[in-house]
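Here's the structure, in structure tokens; my notes come after.
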Amino acid sequence: MAKTASIGIRVEPEFKDALETAAKADRRSVASYIEKLIADDLEKRGLLKKAA
């Protein structure tokens with residue numbers, strides 16, 4: 001299993017609620033949803049190779 005790094009952030013409760021709603025609609029955990037959003041943006045900017 002690959003090692004992962006942890007990142008902690010603080011957000012307003014309203015923001016967290018919206019994240020939970022969006023993640024549930026995408027059938028993901030909040031952490032997985034955030035990771036996907038960040039990965040998509042980094043790929044778009046050419047800072048991360050596209051996943052296979």
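Taken together, the values in this text are just the output of simple stated rules run on the coordinates, not laboratory data. The structure displayed is predicted, hence computed values, not measured ones. All Cβ positions, even for glycine, are placed from backbone atoms using ideal geometry, and neighbour counts span all protein chains on display.
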Next on the checklist: Could you tell me how many of the residues in the stretch 1-40 are under 20 Å from A51 (Cβ atoms), part of a helix (DSSP H, G or I), out of contact with any helix residue (DSSP H, G or I) (no Cβ under 6 Å at 6 or more places or on another chain) and of a type in the set (S, T, Y)?
Outcome noted: 1
Checklist entry - If a residue has to be surrounded by 11 or more Cβ atoms within 10 Å (Cβ to Cβ) and not in a loop (DSSP other than H, G, I, E, B) to count, how many in the stretch 41-52 make the cut? => result 3
Next on the checklist: Which count do you get for residues in the stretch 27-40 that are more than 20 Å from S6 (Cα to Cα) and either among the hydroxyl-bearing types (S, T, Y) or surrounded by 12 or more Cβ atoms within 10 Å (Cβ to Cβ) (or both)?
Outcome noted: 0
